[in-house]
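This report refers to the structure that appears directly beneath it.
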Amino acid sequence: MTPLGEILARRIRETGPLTVAEFMGEALGHPEHGYYATRDPFGRRGDFITAPEISQTFGELIGLWAATVWDSLGRPPRIVLAELGPGRGTLMADALRAARVWPEFEKAVELHLVETSPVLRRMQAEMLGGAEPAWHDDFDSLPDGPLVAIANEFLDALPIHQLVRTEEGWRERMVTLDETGRQLAFAVAAEETKFSKEVPLRFANAPIGSIFELSPHAVSIALRLAMRLARGGGAALFVDYGHFLSACGDTLQAVRNHQRHDPLTDPGTADLTAHVDFGMLADVLTAGGAAVHGPVTQGSFLRALGIEKRAEMLIGRATAAQANDIRIAIARLTAGDQMGMLFKVLAATSPGLAPPPGFG
Ligand code: SAH
């Protein structure tokens, strides 16, 4: 077992099984051995590649998106531009470069990054130091005022609870030790728990063995964000893989070195994610007082923002080999059999704001 596996095993022996959310929180966020706390997971040599690492056009188009929102807010002289989980800082670097075409926007921007990983904070400082960002552990400490918030592949990293439909009703899925006491294994809680009672009623008759996922962490962030947008004005953009409507399914997945990995083996060494429930996200944002736009697929969002035109511009001054790479990258982001359909985009705005670009 990894050092984190040993720590979790001891905790299970001492205080009993963990919820999947507790397990996921530790595997990703443990301050010493957690996945994000210890490494740079991105890129070809890392464990996975995200959209901004595939093509500069992704961050550029989002930069212009942010500037357009600022414009429709009446061009306030100061705007909090926040990114949740900025990774290497690539998206924001591309966004700020593209937004230079609106110098007034560039002058208004106050950059804030919500990031818990010290390793990634250092990379962000290198990439974005010139823009003088301020870092936050949590969304709540962002300063007041009009806000544009960007979150790409952020919500999928937040811990989820898994509920299993049993003969007796919904029960929480737990992480415990197997008979040997040396391996982590899934189990099902015997009694009802707080979250087993929160599965929406319409799933009461789901087949035995069905799994429903809940992310109270994502719900809480969405609610606070919506209330803040309703109060201070602005917009938030969420891009992630997930489903349009709430549904049953086990989407917990571990990836290491671009390969699927067993989520319970060697915790802390693989990325763990779960699909985002965009139906739930839209409901919570609406309940918090925000106007919701979408979700739409990433392919349709990027096409509406003009990704093809932007790619043609880049191809116009590229070598033949570079042009080929650009075409491959754009297809990867937009094609239905690649990221174009699986990834969804949802925006929340203060009520009364014009629908932001990409959702027309
Ligand atoms: N947006 C980036 C990175 C996505 S990976 C990209 O598209 O490349 C998820 C990011 O969220 C990482 O930066 C990770 O360190 C951060 N993160 C994960 N959980 C977090 C939390 N609870 N609070 C703040 N940041 C978190």
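The values are calculated or read from the model by the stated rules, or taken from the named source; none is laboratory data. All figures in this text were calculated on a predicted structure; none of them were measured in a lab. All Cβ positions, even for glycine, are placed from backbone atoms using ideal geometry, and neighbour counts span all protein chains on display. Note: areas computed on protein heavy atoms with side chains; ligands, DNA, RNA excluded. Shrake-Rupley method; radii C 1.70, N 1.55, O 1.52, S 1.80 Å.
See the values below:
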read-out	value
In the range 134-172, residue nearest to the ligand (Cβ to nearest atom) [restricted to those that are part of a strand (DSSP E or B), among the small types (Gly, Ala, Ser) and within 30 Å of Val69 (Cα to Cα)]	Ala151
Residue match in the range 95-114 (condition: under 19 Å from Pro41 (Cα atoms), within 16 Å of the ligand (Cβ to nearest atom) and either modelled with pLDDT under 95 or crowded, with 21+ Cβ neighbours inside 10 Å (or both))	yes
Gly268 being under 21 Å from Ala348 (Cα atoms) and either in contact (Cβ under 8 Å) with a residue 60 or more places away in the chain or touching a Ser or Thr at 6+ places or on another chain (Cβ under 7 Å) (or both)	no
Among (1) of a type outside the set (Asp, Glu); (2) under 27 Å from Val175 (Cα atoms); (3) more than 10 Å from the ligand (Cβ to nearest atom) - the single one Gly29 does not satisfy	(3)
Single residue of Ala206, Ala125, Ala187 found to be of a type in the set (A, V, I, L, M), part of a loop (DSSP other than H, G, I, E, B) and surrounded by fewer than 22 Cβ atoms within 10 Å (Cβ to Cβ)	Ala206
Yes/no for Arg39 being within 11 Å of the ligand (Cβ to nearest atom), in contact (Cβ under 8 Å) with a residue 12 or more places away in the chain, among the charged types (D, E, K, R) and out of contact with any strand residue (DSSP E or B) (no Cβ under 8 Å at 6 or more places or on another chain)	yes
Conditions (1) under 20 Å from Leu272 (Cα atoms); (2) within 11 Å of the ligand (Cβ to nearest atom); (3) not basic (Lys, Arg); number of the one not met by Met123	(1)
Flag if Leu333 is at pLDDT 95 or above, open to solvent by less than 10 Å² (accessible area, probe 1.4 Å) and in a helix (DSSP H, G or I)	yes
Failed item, numbered, when Ala95 is tested on (1) over 22 Å from Val345 (Cβ atoms); (2) in contact (Cβ under 8 Å) with a residue 24 or more places away in the chain	(1)
Test: residue in the range 67-83 that is of a type outside the set (A, V, I, L, M), open to solvent by less than 50 Å² (accessible area, probe 1.4 Å) and within 16 Å of the ligand (Cβ to nearest atom)	yes
Enumeration of residues in the range 336-352 that are over 17 Å from Leu61 (Cα atoms) and either open to solvent by less than 30 Å² (accessible area, probe 1.4 Å) or touching a strand residue (DSSP E or B) at 6+ places or on another chain (Cβ under 7 Å) (or both)	Met341, Leu342, Ala348, Thr349, Ser350, Pro351
Residue among Asp94, Asp71 that is farther than 24 Å from Leu333 by Cα and assigned to a helix (DSSP H, G or I)	Asp71
Selection from the range 209-244 of residues that are within 16 Å of the ligand (Cβ to nearest atom), open to solvent by 30 Å² or more (accessible area, probe 1.4 Å) and in contact with an Asp or Glu (Cβ under 8 Å, 6 or more places away or on another chain)	Arg224
Long-range neighbours under 8 Å by Cβ, at least six apart or interchain, first residue touching a residue at least 12 places away in the same chain (Cβ under 8 Å) within the range 191-211, second surrounded by 15 or more Cβ atoms within 10 Å (Cβ to Cβ) and of a type in the set (Val, Ile, Thr)	Thr193/Thr19; Phe195/Thr19; Ile208/Thr166; Gly209/Val164; Ser210/Val164; Ile211/Val164
Qualifying residue in the range 42-53 (condition: more than 15 Å from the ligand (Cβ to nearest atom), buried (at least 19 other Cβ atoms within 10 Å of the Cβ) and either touching a residue at least 40 places away in the same chain (Cβ under 8 Å) or not hydrophobic (A, V, I, L, M, F, W, C) (or both))	no
